[in-house]
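Down below is the structure, laid out as structure tokens.
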Amino acid sequence: MRISPKHSQRIAVTVMWAIAGLTLAVLAFIISYILWHGLRHITWTFLTEPPQSMGREGGVLPMIVGTLWVTGLAVLIAAPVGIAAAIYLTEYTREGRMTAIIRFGADCLAGIPSIIFGLFGFVFFVITLGMGFSILSGALTLALMVLPTIIRTSEEAIRAVPKSYRDVSFGLGSTRWQMVTWVVLRSALPGICTGVVLSIGRSISETAAVMLTAGSAMGFPHSIFESSRTLSLHFYILSREGISMSNAYATASVLILSILGINLFAYWLMRRFVAKAV
Amino acid sequence: MKYKIQTSSLNLHYGSFHALKDVFIRIRPRMITAIIGPSGCGKSTLLRCFNRMNERTAGVQIRGHILLDGQDISQTGNDLTQLRKRVGMVFQRPNPFPLSVFDNVAYGLRVHAMKKGAAVGKAVEAALRATDLWDAMKDNLHRSALELSAEQQQRLCISRLVAVEPEVLLMDEPCSALDPIATEHVEELMRVLAEKYTIIIVTHNMQQAARVSQETGFMLLGELVEFGQTERVFTNPADKRTEDYVTGRYG
Ligand SMILES: Nc1ncnc2c1ncn2[C@@H]1O[C@H](COP(=O)(O)OP(=O)(O)OP(=O)(O)O)[C@@H](O)[C@H]1O
Ligand SMILES: [Mg+2]
């Protein structure tokens, strides 16, 4: 039996709708399940006090601070390096064996499981460089982990800038650096930001790599040379060791809400900046 | 100085492809010179020699001399930034930056750090006046240049050049993305600009060459076949190939 074009179109649309709907439904289910179990345990005390008796009681303030430190520092290190690498790859070298090797390397790094980065960070930063379990070790490890993402997304964004902008800028006698900073980066900014936001998300949700590098101390971190437990690691430990499921869900809820908040803030910032640039 | 730009035995290769063959051309100052010829004959390539934009392409080899005001610009070590300030280029498709009208015109001023503070605003105004855009733009200076009409965008691109006070304007088919009325306006603008600047225009449109230019060069397969007063080239060409082309018998 042959299906008429009209019918096959109908079927295709229905199937795609169903698949998209299913994906969204699963996502919505997971998030609402966690928020349902977690939100009611989030109190002011939970957000503003340190944990007690391994996290059975008390709050998660040190973990919030630790997460901010580790993630913030990681992105602060990875973003400039990654964007600089992308600029070099796109604007300052001709395509050749060298760029192909660098790109291949970045793609390979992007596919390595985070636990391997954790192990490397543990051996290199924690032990060899003697940084111990610390926010700095964790941030450096995460920076290495998200670097390929930042390089590749920035590279794509820079490549998407029309060639004519470069022609005009050179035609007016600008140097390469003026062209890159005044025209190319400006147009590529939304794409670059997307990569950075993705990296923030990956850093916040990472557990394996930070466990081996930032450690799991529950105290309030006073400097980046101290160990600190991040929210996602706290959640992992609370639930795996069966310490307190209600506090685990509450921690997860804080995590989800803050990732949501960061994304919204990033998009707002991007919209504002883009609107101003244009 | 009798000639603004002069080349002698200019040869250019893209890899093994011989794109310009022994080109000898003399461009007079403060005039419009048109370059015509069939697609792929090397018009754009020749134009890009005058501001050394070909060197951005990999595998380009250039031999011969190009004199600007009697000075050889093709010597290595010459200051490209300074050359491109003196010899500016307008492209086929209007291509303003995705910035405001003001920032577009001020771009070159900032590149060359030519003006400071309030003087930037003055220079922007003067450049917009030079292309007759000021009245339409004075209340829209902070609008995105991408929102303008095609004609306004092309005028803006010319303003952006004029702002850095160049001596030569290279125009590569500047009207091919414009409608006939806008084309007429831009041609009128070119006539006005020619009082101050040396203009070289590449065009596919022979009527346009005949209308705006004082001198015309006809190119074919990388050779400059004929060069002379526009009227003579069109009415009494010396070369059979030119005659075939201007009478529409070619290709
Ligand atoms: N980057 C390049 N690499 C190799 N060949 C090129 C390159 N650019 C141009 N060419 C060749 O050089 C010749 C001249 O090109 P050019 O663009 O100067 O022609 P043109 O007269 O401006 O044509 P058109 O009227 O279509 O714009 C063409 O045959 C083209 O294929
Ligand atoms: Mg051309």
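Derivation of every value follows stated rules applied to the coordinates shown; laboratory data play no part. The model shown is predicted, which means the values in this text are computed figures rather than measured ones. Note that each Cβ is placed from the backbone with ideal geometry, even for glycine, and that neighbours are counted across all protein chains shown.
Mind checking the mean number of beta-carbon atoms from other chains within 10 Å of the Cβ atoms in B:94-106?
3
Please go through region B:1-47 and write out the trypsin sites (Lys or Arg not before Pro) that DSSP classes as loop and that have at most 15 other C-beta atoms within 10 Å.
Answer by residue number: B:2, B:30.
Where in region A:200-262 are there chymotrypsin sites (Phe, Trp or Tyr not before Pro) that are in a DSSP coil and have at most 16 other Cβ atoms within 10 angstrom of their Cβ?
A:225
By the scheme Lys and Arg +1, Asp and Glu -1, what is the net charge of all other residues having a beta-carbon under 12 Å from that of residue B:57?
Summing Lys and Arg as +1 and Asp and Glu as -1 gives +3.
Where nothing but the Cβ of Lys and Arg (+1) and of Asp and Glu (-1) is charged, how large is the charge dipole of the protein assembly as shown around its Cα centre, in debye to the nearest 20?
With only Lys, Arg, Asp and Glu charged at Cβ, the dipole is about 160 debye.
So, R0 is 35 Å and r is the distance between the beta-carbons of residue B:192 and residue B:240; what FRET efficiency does that work out to, to 0.05?
With a Förster radius of 35 Å, E is 0.45.
Restricting to the protein assembly as shown, compute how many DSSP beta bridges are antiparallel as a %, nearest 5.
Antiparallel bridges make up about 60 percent of those DSSP assigns within the protein assembly as shown.
Rounded if a/c is under 1.5, else prolate if a/b is larger than b/c, else oblate: which is region A:160-278, with a ≥ b ≥ c the root eigenvalues of its Cα gyration tensor?
prolate
Calculate the length of the line joining the C-alpha centroid of region A:173-202 to that of region B:1-21, in whole Å.
Cα centres, region A:173-202 to region B:1-21: 38 Å.
Describe numerically, in nm with one decimal, the distance between label points set 7 Å from Cα along Cα→Cβ at residue A:102 and at residue B:2.
That separation, rounded to one decimal, is 5.2 nm.
Rounded to the nearest 500 deg cm²/dmol, what is the calculated helix-only ellipticity per residue at 222 nm for chain A, with -39500 (n - 2.57) per DSSP H run of length n ≥ 4?
My calculation for chain A gives -23500 deg cm²/dmol from helical runs alone.
Give me the distance between the Cα centres of region B:178-224 and region A:111-125, rounded to whole Å.
Going from one Cα centre to the other spans 64 Å.
Contact order normalised by length for region A:44-277, with contacts defined as Cα pairs under 8 Å and 6 or more residues apart; what percent is it?
Working: 339 pairs, mean separation 64.2, N = 234.
Relative contact order comes out at 27 percent.
Take chain A, mark every one of the GluC sites (Glu not before Pro) that falls in a DSSP loop and has at most 11 other Cβ within 10 Å, then report the longest stretch left between them, sites excluded.
My reading of the result: A:96-240 is the longest stretch.
Order these by the 10 Å Cβ neighbour count, fewest first: A:268, B:134.
Fewest-to-most ranking of A:268, B:134: A:268, B:134.
Mean Kyte-Doolittle of at least 0.0 and a Cα length of 15 Å or more along the axis: which whole DSSP H helices of chain A meet both?
TM-like helix candidates: A:5-38, A:61-87, A:97-111, A:135-159, A:185-205, A:245-277.
Quick check: pseudo-label points 7 Å beyond the Cα along Cα→Cβ at residue B:58 and residue A:33, how many nm apart are they?
Going by the 7 Å Cα→Cβ label model, 5.2 nm.
Sort A:243, A:204 so that the residue with the fewest other Cβ atoms within 10 Å of its own Cβ comes first and the one with the most comes last.
Working: A:243 16, A:204 22.
The order, fewest Cβ neighbours first, is A:243, A:204.
Please compute the length gained on full extension between residue A:269 and residue A:11, using 0.36 nm multiplied by the number of residues separating them and subtracting their Cα-Cα distance. Kindly include the intermediate steps, with their values, before the conclusion.
Working: separation 258, 0.36 × 258 = 92.88 nm, distance 4.06 nm.
Contour length minus Cα-Cα distance gives 88.8 nm.
Does the protein assembly as shown classify as rounded, prolate or oblate by the C-alpha gyration tensor (a ≥ b ≥ c root eigenvalues; a/c under 1.5 gives rounded; else a/b over b/c gives prolate, otherwise oblate)? Intermediate results must be reported in sequence, preceding the final value.
Values: a/c = 2.61, a/b = 2.39, b/c = 1.09.
Prolate.
Give B:4/B:122; B:85/B:122; B:21/B:43 a once-over and call out the pairs whose C-alpha atoms are over 21 Å from each other.
Going by Cα-Cα distance, B:4/B:122 fall outside the 21 Å limit.
Express in whole angstrom the spacing between the alpha-carbon centres of region A:44-89 and region A:213-278.
Cα centres, region A:44-89 to region A:213-278: 6 Å.
Take B:137, A:63, A:218 and order them by how many other Cβ atoms sit within 10 Å, fewest up front. Let's see the in-between values first.
On the way: B:137 24, A:63 27, A:218 19.
With the sparsest Cβ surroundings first, the list reads A:218, B:137, A:63.
Efficiency by 1/(1 + (r/R0)^6): what FRET value for residue A:225 and residue B:80, r their Cβ-Cβ distance, R0 = 56 Å, to the nearest 0.05?
Given R0 = 56 Å and the Cβ-Cβ separation, E is 0.70.
Taking R0 as 41 Å, what's the FRET efficiency between residue A:241 and residue A:129 from their Cβ-Cβ distance, rounded to 0.05?
The formula returns an efficiency of 0.85 here.
So what is the calculated 222 nm ellipticity per residue for chain B, using -39500 (n - 2.57) for each DSSP H run with n of 4 or more, over all residues, to the nearest 500 deg cm²/dmol?
-10000 deg cm²/dmol
Is region A:1-147 rounded, prolate or oblate when judged by the Cα gyration tensor, a ≥ b ≥ c being the square roots of its eigenvalues, rounded requiring a/c under 1.5 and prolate requiring a/b larger than b/c?
Verdict is oblate for region A:1-147.
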